[in-house]
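Comments concern the structure below.
The values are calculated or read from the model by the stated rules, or taken from the named source; none is laboratory data. This is a predicted model, so every value here is computed, not measured. For neighbour counting, all protein chains shown are included, and Cβ atoms are generated from backbone atoms with ideal geometry for every residue, glycine included. Areas reflect the complete protein model, heavy atoms only, side chains present, ligands, DNA and RNA absent. Shrake-Rupley method; radii C 1.70, N 1.55, O 1.52, S 1.80 Å.
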Amino acid sequence: MKTLQRTLTIIKPDAVRKKGIGDIIEQFEKQGFQILCLKMLEISKHQAEQFYAVHAGKPFYNSLTTFMSSGPIVALALEKENAIADLRKLMGATNPANAEEGTIRKKWATNIENNAIHGSDAEDTARFELSFFFAGYELAQ
Ligand code: ADP
Ligand code: MG
């Protein structure tokens with residue numbers, strides 16, 4: 001039996017500013033991800049700090065959370081088999097200088113911070129991140 005998995009992705013403010021939303025969402029669908037729910041919104045610095053709490057204390061925490069609250073983002077709940085790992089592969093390396101051809105970061109990222117897209121990295125972080133942006137009823141299907 002196929003086991004479906006869910007993951008949370010964010011099209012970051014830099015990619016929204018560059019008009020990458022349509023292209024990036026098209027890649028999700030072409031790669032077999034089902035879009036369960038999506039929303040465009042802006043988050044505050046405080047909300048960005050809560051979302052990235054795992055990185056509190058890192059040297060880039062302050063500028064990362066300022067960046068993430070600098071403009072509209074698009075949050076999506078995606079589903080497919082092996083969604084977490086497959087999305088990470090489609091995203092490419094954190095630093096776009098190391099991202100492979102064909103990845104979203106290779107095409108859309110500017111630098112290691114302004115890197116176009118977020119994706120959950122494990123099942124427990126996916127659960128936390130999905131519930132950060134979406135209510136239970138929005139994902140009940
Ligand atoms: P990923 O998003 O690939 O899972 P991390 O979880 O390590 O990467 O980092 C979260 C985000 O913080 C990155 O996507 C990027 O926007 C930013 N970031 C990571 N490392 C750095 C760095 N060395 N300098 C500036 N920003 C960084
Ligand atoms: Mg991460």
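Simple rule: put +1 on each Lys or Arg Cβ and -1 on each Asp or Glu Cβ in the chain, find the dipole, and look at Gln50, Asn114, Gln27; the Cα lying farthest toward the positive end is Asn114.
Here segment 1-96 exposes an accessible surface that is 54 percent carbon and sulfur, computed with a 1.4 Å probe and the other protein chains kept in place.
Note on Thr3/Phe128: beta-carbon distance plugged into 1/(1 + (r/R0)^6) with R0 of 25 Å gives a FRET efficiency of 0.80. If you take all other residues with their beta carbon under 11 Å from the beta carbon of Thr103, and give Lys and Arg +1 and Asp and Glu -1, the sum is +3.
Based on every Cα atom in segment 86-141, Rg and the maximum pairwise Cα distance Dmax equal 13.4, 39 Å.
Eigenvalues of the alpha-carbon gyration tensor of segment 45-92, scaled by 5 and square-rooted, set the equivalent ellipsoid semi-axes at 24, 13, 10 angstrom, largest first.
Per-residue ellipticity at 222 nm computed for the chain from its helices equals -11000 deg cm²/dmol, with DSSP H segments shorter than 4 residues left out and the rest contributing -39,500 (n - 2.57). Summed over the residues of the chain and divided among them, the accessible surface reaches 53 Å² per residue at a probe radius of 1.4 Å. Among residues other than Ser131 with Cβ under 12 Å from its Cβ, the summed charge is -1 (Lys and Arg +1, Asp and Glu -1). Under the simplified labelling scheme, the Thr66-Gln31 pair shows an inter-label distance of 3.0 nm, with each label point 7 Å from Cα along Cα→Cβ. In the context of the full protein assembly, Tyr61 retains an accessible surface of approximately 40 Å², using a probe radius of 1.4 Å and ignoring ligands and nucleic acids. Seen through its C-alpha gyration tensor, with square-root eigenvalues sorted a ≥ b ≥ c, segment 1-54 comes out oblate because a/c lies at 1.5 or above while a/b is not bigger than b/c.
When only alpha carbons are used to place a centre, segment 42-57 and segment 64-115 end up 17 Å from one another.
Distances between every pair of Cα atoms in the chain, grouped in 5 Å steps from 0 to the bin holding the largest one, split as 2, 10, 20, 24, 23, 14, 5, 1, 0 percent.
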